[in-house]
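**Student:** Once you've had a glance at the structure underneath, I'll fire off some questions.
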Amino acid sequence: MTGRSALLGPLLALLAAVLPLAVLTGAIRTVRTLEQQKEEFLRSRAAAIAAWLETLEDPEQIAGIRERLLEEDHAVLDIAVFPLDKPAPEVPDELVRGRALFQVSRIEQEGEPVFRVWLPCHIGGGVYLARLDLAEEVADSLIRPARENVWLASAGSLGLIALALGLSWSARRAARAERRQAELEHLARLGELSAVLAHEIRNPLGTIKGFAQLLSEKADARQRELLEPILNETTRLEDLVRDLLLYGRPPQVSPRPVSVAQLATTIERHAARWLEGGPVRLIVEGEPLELTTDPDLLERALLNLVQNAVEAVAEQPDGQVRVRISAGRGGLSITLSDNGPGLSEQMQRHLFEPFRTTKASGTGLGLAITRKLVASLGGTLELDNRPEGGVEARLWLPAAPRK
């Protein structure tokens, strides 16, 4: 018993030394996490104001909106809007020249920190650059609880029980903070993307596409050739909006019978525009099976994978994309492979993260949407490099295929 008591004393002393340190470390990490949330909160607020400015029909309304926001929203310190064709000297040159879509900086005014955001917006058919100044002190409410947590963690050294309770409380607090940070990051990304899409699409898309289609119907062959790039670009913008909607809302699954032959025909038909005039070969192989699933969602997922594969091998002199559909593992097995350069280490780390892309254009939502569609069908999706080169995507669905 004496030996146990001798060991218990140092053990309790060790716990009394380690547990307060662990609690204090967790509290400091919480402070750092919430410091990051401050910027995400301010970015989200700026994106919301920019989206509101996009709804204005007349630039003269800006003065009234500015006065209203300054009076009602304590986070807003100032709003200024400059025409893009006649920018003020203070407007960042990167935005005027179109080399950046927005700019964020921290400045100091009268001894107080200010979060400044520059971003474009459409008002009454014209393009403007908005400067939004937000008070950082409004976001400090996110940090205050974490600072209190540091004091509580320090006081936890008074007793082992208090230390254990403080550690448990800090862990729960950190988990809530991480969830909140993920939500704020998601909202900030969607807010920034929505502002960009509104700036790029809102007024031009309907007008340009409508008039271009009307002109194309009445034009001769030479004029239609000149109008074709306009129609292609408006189609690209429609694809951007479609991807955003697919990512932002849960898919509605409507199962019905479909054959593998129908799937193969649809893939080949839609992929024809990506293959036109290029050296890439698309080979679709499938067993004569019929299954019950949502063919629209499955086709969308497969077309995303096919498009990625075709773009990956576009520069190859013998580019090839092969799709194999068969029964396996109690469901439907679909393997899509290419002989392209494969996935880099960085691409593998961020494979399914939304809004990440190595392409010059696009939203980076393709693989994130594909995995979401496959998951809604109850399936799984895996991507790996092939030993012989290229990428292999393995898709499995519990579709109960039958011959």
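All of the numbers you see were taken from the coordinates with simple rules; none came from a lab. Treat the numbers as computed from the prediction; the structure is a model and nothing was measured. Backbone-built Cβ (ideal geometry, glycine too); neighbour counts: all protein chains shown.
**Student:** How large is the convex hull of the Cα atoms of the stretch 256-397 per residue, expressed in Å³ as a whole number?
**Tutor:** With only Cα atoms used, the stretch 256-397 gives 112 Å³ per residue.
**Student:** Now for a separate question. What does the highest-first list of 80-90, 128-138 look like by mean Cβ count within 10 Å?
**Tutor:** 128-138, 80-90
**Student:** For the pair residue 386/residue 96, report the inter-label distance in nm, with labels modelled 7 Å from Cα in the Cβ direction.
**Tutor:** Rounded to a tenth, the inter-label distance reads 5.2 nm.
**Student:** At 0.36 nm per residue, minus the direct Cα-Cα distance, what do residue 60 and residue 85 gain on full extension? Give it in nm, one decimal, please.
**Tutor:** Value of the extension gain: 7.3 nm.
**Student:** If you stretched the chain out fully between residue 232 and residue 254, how much longer would it get, using 0.36 nm times the residue separation minus the C-alpha to C-alpha distance?
**Tutor:** Length gained, residue 232 through residue 254: 4.8 nm.
**Student:** Between residue 375 and residue 296, what's the calculated FRET efficiency when r is the beta-carbon distance and R0 is 25 Å? Round to 0.05.
**Tutor:** So, using R0 = 25 Å, E works out to roughly 0.95.
**Student:** Another question, then. Efficiency by 1/(1 + (r/R0)^6): what FRET value for residue 67 and residue 314, r their Cβ-Cβ distance, R0 = 45 Å, to the nearest 0.05?
**Tutor:** 0.25
**Student:** Right, something else. Just tell me which aspartates and glutamates come within less than 15 Å, Cα to Cα, of residue 372; anything on the same chain fewer than 8 places away is out.
**Tutor:** Residue 372 reaches 243, 294, 296, 299, 353, 382.
**Student:** Ok, one more. Give me the extension gain from residue 283 to residue 176: residue separation times 0.36 nm, minus the current Cα-Cα distance, reported in nm with one decimal.
**Tutor:** 33.7 nm
**Student:** Here is a follow-up. Please give the peptides 387-393, 70-76 ranked by average Cβ packing (other Cβ atoms within 10 Å per residue), highest first, as a rough proxy for protection.
**Tutor:** 387-393, 70-76
**Student:** If you count, for each residue, the other Cβ atoms within 10 Å and average over each peptide, how do 47-55, 255-263 line up from highest to lowest?
**Tutor:** The packing order, highest mean first, is 47-55, 255-263.
**Student:** Can you give the FRET efficiency to the nearest 0.05 for residue 344 and residue 324, using r as the Cβ-Cβ distance and R₀ = 25 Å?
**Tutor:** My answer for the efficiency is 0.50.
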